[in-house]
There are 2 protein chains.
Amino acid sequence: MKRRDFIKKAAGGALLAAGATTAAPAIAARKRFNWKLVTTWPPNFPIFQEGVEKFAKDIEEMSDRRLRISVYAGGELVPALQTFDAVSQGTVQMGHGAAYYWSGKVPAAQFFTAVPFGMNAQGMNAWLYKGGGLQLWREIYKPFNLVPFPMGNTGVQMGGWFRKEINSIADLKGLKMRIPGLGGKVMAKAGVNPVLLPGGEIYTALERGTIDATEWVGPYHDQRLGLHRAAKNYYYPGWHEPGPVLELSVNSKAWAELPKEYQLMIETAAAAANIWMHAEFEAKNMTALQELKQNHKVNILEFPADVIKQLRHLTQETLEQEAAKDLSFRQVYQAYKSFSQSNDAWSDISDAAYAKALKL
Amino acid sequence: MKRRDFIKKAAGGALLAAGATTAAPAIAARKRFNWKLVTTWPPNFPIFQEGVEKFAKDIEEMSDRRLRISVYAGGELVPALQTFDAVSQGTVQMGHGAAYYWSGKVPAAQFFTAVPFGMNAQGMNAWLYKGGGLQLWREIYKPFNLVPFPMGNTGVQMGGWFRKEINSIADLKGLKMRIPGLGGKVMAKAGVNPVLLPGGEIYTALERGTIDATEWVGPYHDQRLGLHRAAKNYYYPGWHEPGPVLELSVNSKAWAELPKEYQLMIETAAAAANIWMHAEFEAKNMTALQELKQNHKVNILEFPADVIKQLRHLTQETLEQEAAKDLSFRQVYQAYKSFSQSNDAWSDISDAAYAKALKL
């Protein structure tokens, strides 16, 4: 074994010095790439932006500094919500955000982040990686020259902060609430006035009463934003975002030019970041929840059963209406629904049954 | 940027040809490694062995074939349950299995696989990656010259196949059941006679009535083993293994000799395999469950609430007794318990509350 190794190394060395063509794969691999990655997150945004920076650093290190990825937060190179266009047009090679941000252009993209009353992180991973979901996502993004990857998951979010208590669906009527996406559409049906606000403006709006309620992420990020100082009623569960998937997208031309081993580094590092970021959300949310309860005397309240039932009914209505408007939405909805029904049936006797057993 | 790239490349080329010492990191990275990885799984064992083979192939490809890992199934190079010793002694560089297989040598290792009525896959990932669990695991394995990594998770398992129905805890008394680990100890307290049998012998033993019951993995693997032809009552949930973590272990001396970028490839590829393998278990189990129900008319039965309550009580007793016997077990038990209490409190308002909302 050792002798063979020595011969290989010696031969490799000679070929390199001579620049022989048979060394082409090794030379291709040594080609250097300087890529840019733009995100939709604020600078230093914990877990989100930090997770992306670790991902870039890992790849730089694994590639022996031959694939360098410079990471820019939202607004540093392009405005936060223009990362889709910037990567699509090839201005930069990579972007990180969440697919539902692009629902104006690609309504079906919402299924690749989160659907109200839909699958949690575990179900989404099963669907995307092993149930055909990722292939579908790639087909949907193909016309935009984008190759998407799941990279990060917040876990089940919180239902949001409310200045008043919500005791019935009627209490939602007329509320101004910061809630984006399909969740916002469902809330609109319940009489809420859904408002779109970037993270940086939420606290002031809630504190001054410009809005009556807001959802954000979960205990850890919500506490950092100080939302517990602007409202005392913190509702659960986050029915509207039960396990949002974060997305990495790569410009398809840049992707095609990468040697296979660098493609594999990106794919592998994105999957590793997916599980690491989710683990970090869970670990930090559980600590922050304790702090919110014990140090800040927040009221942690469950949405009443009747409110949940009605929101679920309105979600059904919303999904059917969106499906009627857009062919791709309809197609992805079908695939999503079919997988998620099997997933629910399995969860009933695995995760859900186990959760029940812990409480008996 | 382009001009700077050109200069870098030209300089790099010159250094390589001259063999200058400043190129040392690049030369170290090009050093070749031929490693061996032995597993505890049968050859071609789906997901388990296949997942390990993909992991090895990914690393070989990412390293441009400079870190080669030859994978051997259980018994091909060393007996399945000697992988711990083989990696510990440096006979091979890597092993894959499950930490609780080594509970005879390292009682505390069980916490790094699964604990009856303990954390599920999501909780285990949060604890291991971001809650101090992995550091603890590494400390526990240090005296054995092993560096462990989580790599794969089966998700919540099934409770097992029983020839008779289980309507009360009394029905367990006197049963011969194939069930290993802490689950087996708990079952023994309930009057079961726990039996250890390798996978290859389970079907025949159950079919001939040598054993009355067995647990194995989940619908997908259980169906492949044909267990539905040997018993008709398939119980859930798998209270004894709610999200077993599979382990990669690396000999610590071999690890220390690896250049940093190869270490990072192993760490990253193991995390990616962790999420991919779990996703595959979920996706395949949900399909197999449907087949077992529809094509094979298996009785899918829930353990009665009273049986679960008593098993949970006996689990508590078992854990306290084991903790009294071994210092490391006691230490890891404390850390595990403390994290899992926070995890439960958070799950109550996130995952568990969400699962409930889906059923209202």
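Here is how the numbers come out for the structure above:
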read-out	value
Test: residue in region B:280-293 that is in contact (Cβ under 8 Å) with a residue 40 or more places away in the chain, in contact with a Lys or Arg (Cβ under 8 Å, 6 or more places away or on another chain) and surrounded by fewer than 17 Cβ atoms within 10 Å (Cβ to Cβ)	no
Matching entry among B:Ser328, B:Ser342 (being within 11 Å of chain A (Cβ to nearest Cβ) and of a type in the set (S, T, N, Q))	B:Ser342
Criterion: part of a helix (DSSP H, G or I) and either modelled with pLDDT of 95 or more or within 14 Å of another protein chain (Cβ to nearest Cβ) (or both) - qualifying residue of A:Pro194, A:Pro148, A:Pro143	A:Pro143
Residue that is within 11 Å of another protein chain (Cβ to nearest Cβ), surrounded by fewer than 17 Cβ atoms within 10 Å (Cβ to Cβ) and of a type outside the set (S, T, N, Q), where the choices are A:Ile349, A:Ile300, A:Ile308	A:Ile300
Filter result (part of a helix (DSSP H, G or I) and among the aliphatic types (A, V, I, L, M)) within region B:326-360	B:Leu327, B:Val332, B:Ala335, B:Ala345, B:Ile349, B:Ala352, B:Ala353, B:Ala355, B:Ala357, B:Leu358
Per-region count, region B:194-231, residues over 24 Å from A:Ser347 (Cβ atoms), out of contact with any Phe, Trp or Tyr (no Cβ under 9 Å at 6 or more places or on another chain) and either among the aromatic types (Phe, Trp, Tyr) or surrounded by fewer than 21 Cβ atoms within 10 Å (Cβ to Cβ) (or both)	14
Check on A:Lys185, at pLDDT 95 or above, part of a loop (DSSP other than H, G, I, E, B) and outside the structural domain of A:Ile275 (by TED's automatic domain parsing)	no
Any hit, region B:30-37, residues being at pLDDT below 95, on the phi > 0 side of the Ramachandran plot and over 21 Å from the mean Cα position of the chain (by Cα)	no
Qualifying residue in region A:234-247 (condition: of a type in the set (Phe, Trp, Tyr), in contact (Cβ under 8 Å) with a residue 12 or more places away in the chain and surrounded by fewer than 23 Cβ atoms within 10 Å (Cβ to Cβ))	no
Inter-residue pairs, beta-carbon under 7 Å, first within 9 Å of another protein chain (Cβ to nearest Cβ) and in a helix (DSSP H, G or I) and in region A:53-64, second buried (at least 21 other Cβ atoms within 10 Å of the Cβ) and modelled with pLDDT under 95, 6+ apart	none
Residue that is farthest from the chain's Cα centre (by Cα) [pool: residues in region B:151-182 that are assigned to a helix (DSSP H, G or I) and buried (at least 17 other Cβ atoms within 10 Å of the Cβ)]	B:Ile169
Yes/no for B:Gly174 being in contact (Cβ under 8 Å) with a residue 40 or more places away in the chain and small (Gly, Ala, Ser)	no
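The values are calculated or read from the model by the stated rules, or taken from the named source; none is laboratory data. Not measured: the values here are computed from a predicted model. Cβ coordinates were reconstructed from backbone atoms using ideal geometry, including for glycine residues, and neighbour counts include every protein chain displayed.
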